[in-house]
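See structure below.
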Amino acid sequence: MSAHLAQTSPTSTSRGRLGVPSITVMIIAASAPLTVVAGGVTTAYSVTGSTAVPIGYVLLGAVLAVFAIGYAAMSRFITNAGAFYSYAARGLGRPVGVGGSLIALVSYNCMQIGIYGMFGFQVSMLLNEKLGIDVPWWVPVLVCIAVVAVMGVNRVDLSAKVLGVIVSLEFLAVLVFDVVALAQPAEGFTAQPISPTELFTPGIGAVLVFGIAAFMGFESAAIYGEEAKDPKRTVARATFSAVLIIGGFYALSSWALALAVGPSKITSGGITAEEAGPPLFFGFVAEHIGVLFVDITSVLFITSLFAALVSFHNAVARYLFSLGRERVLPVRLSAVRNGAPWAGSIAQTALAVVVIMIFAIAGAGSGLGPLFPVVTLFSWLTNTGALGLVLLMAVVAFAVVGYFRRNHRDVGIGSRLIAPVVSGFVLMIVLILILANFNVLLDQAEPTLATFLLPALVIAPGLVGIAWGIWLKRARPEVYAGIGRGTGDTQVVQVVTD
C-alpha cells in the first residue's frame with residue numbers, strides 16, 4: 001500500500017444523487033417496518049398488556065411531525081452530513097455540538113451493531129429449520145458485515161436502490177397481513193385500539209417507550225443533505241413523508257394485529273410466553289394465510305434487518321466524515337472514494353467486527369444458548385441507541401429556537417419557536433419515561449447494573465464532548481471555529497490507495 005496527500009474538497013460526497021423518494025426509502029429502511037410489526041408491536045402488546053399501541057403510534061407520529069417543522073426550517077439554512085451535530089453546534093453552541101456528535105456516534109453505532117444480534121439469530125435459526133445446518137449466530141453476521149461494508153464504500157444511490165426493493169416487499173407483506181387480520185378479527189371488529197381514550201389507560205407510558213423506537217432513523221434525512229438534489233427542499237419533504245408513512249403504517253398494522261389477537265386477550269394477560277414476540281405475528285400468518293407465506297415473511301424479516309443495517313451504517317459513516325472534515329476527529333476519517341465516505345465506512349465496519357467478536361466469545365460460555373445475541377446484543381444496544389437518539393432530538397428541538405433567536409430569517413414563529421418548544425418538551429417527557437422503564441425494555445423484572453450502565457453509555461459521551469469542545473476553544477481555536485460549519489474551507493485529506 002502507498003499513501004499520498006490529495007486536495008479533497010470537504011463536499012466531495014456524491015452530489016445531487018438523492019431525491020425525495022430515495023431519502024424517504026433510506027429513512028423507512030432504518031425503521032425496519034416488518035421488524036417493527038412482527039417484533040416490536042408484538043412485544044409491546046405482550047409486555048404492556050395495553051391495546052393503546054396503535055393510538056400511541058398516532059400520538060408519537062404527531063409529536064415527531066411537530067418536531068420536523070422546526071427541523072425542516074433549520075435544514076433550509078444548514079446542509080451538513082453531521083446533521084444533529086451541526087444543528088446543535090449552530091443553535092446551542094459549539095461545545096454542545098461536539099457533545100451531540102459523540103452521543104450521535106454512540107447511538108447510531110448501538111442501533112447498527114445491536115441489530116446484528118437479531119440478524120444472526122434469525123439467519124442461524126432459518127438455516128437450522130430449513131436445511132438442518134447448525135451455524136453459530138456470529139458467522140452470518142460476519143458475512144453480513146462484509147456485504148454492508150461493500151455497499152458502504154460505494155455511491156449512496158446503490159444503497160437507495162437496494163433498500164427500495166427490500167422496503168417495497170416489506171410493505172407488501174405486512175399489508176397482506178393487515179387485510180387478512182382486519183377481515184378476520186378474533187373477537188369481532190372494533191376501533192377501540194385507535195380510540196383517543198386509550199391514551200388515558202394504565203400502561204400508556206410503557207406503550208410510548210416501546211413505540212418511539214419504531215421511528216428511530218426518521219431524523220436521518222439531513223445526514224444525506226449534501227448528497228441531495230435540492231437540499232433546501234428535499235430534506236424537509238423526505239422527513240415529513242417518512243414520519244407520515246411510518247406513523248400511519250404502524251398505527252394501521254398494530255391495529256390489525258390487535259384485532260388478530262383479540263383485545264381482551266391482550267389486556268387480560270392471555271398472551272403466553274411461547275406466543276410473546278414474533279410468534280404472535282407468525283402464528284396468525286401460518287393459520288390464516290399459509291405456511292408458504294410464513295417462509296416468505298421470515299426471509300423478508302431478515303432482509304428488513306439487513307436494510308436497517310445498511311441505513312444506520314451509512315449514517316455513522318457520514319457522521320465520521322463530517323467530524324473528520326472539521327478536524328474534531330482525525331482528518332483521515334473524511335477521506336472519500338467513489339463519492340462515498342470511504343474512511344468512515346471502514347471505521348464503522350471495523351468497530352462492528354470487534355464488538356461482534358466480543359459478544360461471540362462471551363456467548364460461547366453463556367447458558368442462554370441461541371437466544372444470547374437477542375437477549376444481550378440486540379436488546380441492550382438497540383434500546384440504548386433509541387434512548388440516545390430521543391435525547392438528541394430533544395436537544396435539536398431547542399437548538400432550533402437558539403438558531404433563529406437572533407435572526408428569524410423570515411421563518412414564522414410557529415416553525416422557529418412554537419413547534420420546536422412543544423416537541424422538545426414532549427420528547428423530554430418521553431426520554432424520562434424511557435429511563436424510568438428501561439428495565440422493562442430490557443425484559444428485566446427488577447433493575448440491574450445494566451439498567452444504569454447502558455443509559456450512561458450515551459449520556460456520558462455527551463458530557464465528555466462538551467468538555468472536549470471547551471478544550472478545543474482554548475487549545476485549538478482554528479478547529480473550534482469550524483465546528484458545525486460543514487462545507488467550509490478545503491482541507492488536505494490523507495487518502496490511502498493500493
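Quick look at the values:
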{"read-out": "Output for the range 163-201, where each listed residue is exposed (fewer than 14 other Cβ atoms within 10 Å of the Cβ) and of a type in the set (A, V, I, L, M)", "value": "Val165, Leu172, Val179, Ala183, Ala191"}
{"read-out": "Those residues of the range 332-389 which are in contact with a helix residue (DSSP H, G or I) (Cβ under 6 Å, 6 or more places away or on another chain) and among the polar types (S, T, N, Q), in sequence order", "value": "Ser334, Ser345, Gln348, Thr349, Ser366, Thr382, Asn383, Thr384"}
{"read-out": "Any chance Leu435 is part of a helix (DSSP H, G or I), open to solvent by 50 Å² or more (accessible area, probe 1.4 Å), closer than 26 Å to Leu92 by Cα and touching a Pro at 6+ places or on another chain (Cβ under 9 Å)", "value": "yes"}
{"read-out": "So Ile204, is it surrounded by fewer than 24 Cβ atoms within 10 Å (Cβ to Cβ) and under 20 Å from the mean Cα position of the chain (by Cα)", "value": "no"}
{"read-out": "Among the residues listed as Gly40, Gly16, the single one being of a type outside the set (A, V, I, L, M) and modelled with pLDDT of 85 or more", "value": "Gly40"}
{"read-out": "Selection status of Ser50, assigned to a loop (DSSP other than H, G, I, E, B) and either modelled with pLDDT of 85 or more or among the small types (Gly, Ala, Ser) (or both)", "value": "yes"}
{"read-out": "Filter pass, Thr384 being under 27 Å from Asn439 (Cβ atoms) and either within 19 Å of the chain's Cα centre (by Cα) or not in a helix (DSSP H, G or I) (or both)", "value": "yes"}
{"read-out": "Test for Ala173: is it in a helix (DSSP H, G or I), touching a residue at least 60 places away in the same chain (Cβ under 8 Å) and under 13 Å from Ala307 (Cα atoms)", "value": "no"}
{"read-out": "Test: residue in the range 442-454 that is modelled with pLDDT under 90 and within 23 Å of Phe215 (Cβ to Cβ)", "value": "yes"}
{"read-out": "Leu92 being more than 18 Å from the chain's Cα centre (by Cα) and either closer than 30 Å to Arg476 by Cβ or of a type in the set (Asp, Glu) (or both)", "value": "yes"}
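The values are calculated or read from the model by the stated rules, or taken from the named source; none is laboratory data. Because the structure is predicted, anything quoted here is derived from the model rather than measured. All Cβ positions, glycine included, derive from the backbone under ideal geometry; neighbour counts span all protein chains shown. SASA here: full protein model, heavy atoms, side chains in, ligands and nucleic acids out. Shrake-Rupley method; radii C 1.70, N 1.55, O 1.52, S 1.80 Å.
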